[in-house]
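Data block below; observations after.
The values are calculated or read from the model by the stated rules, or taken from the named source; none is laboratory data. For clarity, every value in this text was computed on a predicted model and none was experimentally measured. Every residue, glycine as well, gets a Cβ built from its backbone with ideal geometry; the counts of neighbours run over all protein chains shown. Quick note on the areas: whole protein, heavy atoms, side chains included, nothing else; ligands and nucleic acids left out. Shrake-Rupley method; radii C 1.70, N 1.55, O 1.52, S 1.80 Å.
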Amino acid sequence: MPVSSPVQLDRRRIDELTSRELAALNARTTASEAMYARARQSLSGGVASSYQERDPWPIYLVDGEGPRVRDVDANQYWDFHNGFGSMVQGHAHPAIVEAVRARVALGTHFAAVTEDTIVVAEDLKARFGLPRWRFVNSGSEATMDAIRIARGLTGRDTIVKIFGSYHGHHDAVMVSIGVPYDNIGDRENLASLPYGAGIPADVVALTIPVPFNDAPAMERRIARLEKEGRKPACVIMEAAMMNLGVVLPEPGYLEEVREITARHGIVLIFDEVKTGLAIAAGGATERFGVKPDMVTLAKTLGGGLPSGAIGGTEEVMAVVEDGSVYQVGTYNGNPLAMAAARASLEQVLTPEAYRHLDALNDRIVSGCEAVIERYQLPGYAIGAGSKGCVTFSTQKIVDYESFKANQDIPVTELAWLWNMNRGIYMTPGREEEWTLSVTHTFEAIDDYVAAFEEMASALTA
Ligand SMILES: Cc1ncc(COP(=O)(O)O)c(C=O)c1O
């Protein structure tokens, strides 16, 4: 929760500090500037994905080891970005390096199942309590296929998602994500809005957004859709939102969503691309104790190799097994990715690793909370397992509406620059959180908290 009577931050001071920190970062990343000039000649925007863009130039990396990364200017950072939250194992973990090294010499692609794929499915089955699994190569593929399975099972086209949530870059879910606050519509009737150009209006209209942490609003919208003859096939959601910083489910919310979807015969999909294997051994499903009909995984699953998975109940996955829904892909269950995933699950993401992540999380959240308290900053720290953030807001964020209305954007942007100049490599973007790895130490955490304290002091001087 935010402190009750926070200091009023001086907006001019924030601007001054931001200009100073931006100039400092520019000065120490001149090799990135040069690489950007070269990259733009062949790579659109100088990057491989638009999420890697940054003004005035992206920071280009060379390598990483454990909790650290190094950029092309030879700046060293503690990595709290971790590949958009994928590298919970840390970089170049010896167990994963060895598994990949051994596999690469044995052939890396057959489009036939290798034993590692079965072992990974068995492990995920035990962790998530869902009996049937399939593999894909990214989070987008996982959510795309999960939605198709739900549609195939129910014979319905409409789907429900949470307003503001990101589920990947395919058309069905590129709807009602980051849009101007005044366009979102009223809470009972949130608008279906395309996220960028190129998404057919007819597809957008099939995706209905509802607010997070408001089960009654979800049920009312479902009831209206039913009346209109548009009963949804599924609700796809993150059990804890991971793209408004971190927004945890309020007590009882997930249980209510489970009950509503079950009662209406709607498939409940927990998109665990960010939370799965990252906030507990069995992801949000384990942490919050609510079992969905389907789970989607990616990011942490592959230990740095492109991978994703869909888990489901026998009933749901029956439409895959009987051939009525095609769940396919040349690289699904790729041997290299599966070897890395197996090594990660068996040797890295162990019960001890989750105890360590929880201890790191306790230390970083309580350290940041103490700084917030000491300087009476408008904000609060929040975390679960490897994920967390400081949210700069005088109000608690519970959904997209409260995020848009309250997040202090200039301070959030300053914090990113501040960290980068103090050896803390953070995910760019105002919506992002930190990701800790099992190789992070208390030293890394204490450096993070010290940089935060230095910023708090400068902001309130
Ligand atoms: C919750 C969630 N689902 C799906 C995706 C899409 O994953 P990918 O980028 O691997 O396609 C993301 C990516 O950030 C995500 O955060």
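Looking at the stretch 297-310, I want the residues that are within 10 Å of the ligand (Cβ to nearest atom) and have a partner that is of a type in the set (D, E) and open to solvent by less than 10 Å² (accessible area, probe 1.4 Å) with Cβ atoms under 8 Å, at least 6 apart or on another chain. Which pairs are those?
Cβ pairs passing all conditions: L297/E272.
Quick one: which strands (runs of 3 or more DSSP E) sit completely within the stretch 56-129 and have at least 1 residues that are basic (K, R) and in contact with a strand residue (DSSP E or B) (Cβ under 8 Å, 6 or more places away or on another chain)?
By residue number, 68-71.
Somewhere in the stretch 356-373, is a residue within 30 Å of R103 (Cβ to Cβ) and surrounded by fewer than 21 Cβ atoms within 10 Å (Cβ to Cβ)?
Yes, the stretch 356-373 has at least one match.
State the number of residues belonging to the stretch 274-291 that are farther than 12 Å from A240 by Cβ and within 16 Å of the ligand (Cβ to nearest atom).
Result for the stretch 274-291: 1.
Do the conditions hold for T313, that is, is it under 18 Å from M144 (Cα atoms), open to solvent by less than 20 Å² (accessible area, probe 1.4 Å) and among the hydroxyl-bearing types (S, T, Y)?
Judged against the criteria, T313 is not a match.
I need the full set of residues from the stretch 407-461 which are free of Cβ contacts under 8 Å to residues at least 24 places away in the same chain, touching a strand residue (DSSP E or B) at 6+ places or on another chain (Cβ under 9 Å) and within 21 Å of S50 (Cα to Cα), in order please.
Passing the criteria: only T412.
Here is a yes/no grid of residues against (1) within 16 Å of the ligand (Cβ to nearest atom); (2) over 30 Å from E453 (Cβ atoms); (3) in contact with a His (Cβ under 6 Å, 6 or more places away or on another chain); (4) in a loop (DSSP other than H, G, I, E, B):
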residue	(1), (2), (3), (4)
S324	no, yes, no, yes
T330	no, yes, no, yes
R342	no, yes, no, no
A353	no, no, no, no
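Does F110 qualify as being within 14 Å of the ligand (Cβ to nearest atom) and either surrounded by fewer than 17 Cβ atoms within 10 Å (Cβ to Cβ) or of a type outside the set (S, T, N, Q) (or both)?
no
In the stretch 95-137, how many are within 24 Å of A280 (Cβ to Cβ) and more than 23 Å from the chain's Cα centre (by Cα)?
Final tally of qualifying residues: 9.
Considering only residues that are under 20 Å from D10 (Cα atoms) and surrounded by 22 or more Cβ atoms within 10 Å (Cβ to Cβ), which ones fall in the stretch 420-455?
Passing the criteria: F452, M455.
What is the one condition in (1) open to solvent by less than 50 Å² (accessible area, probe 1.4 Å); (2) of a type in the set (A, V, I, L, M, F, W, C); (3) closer than 20 Å to V267 by Cα that V100 does not satisfy?
Result: V100 fails condition (3) only.
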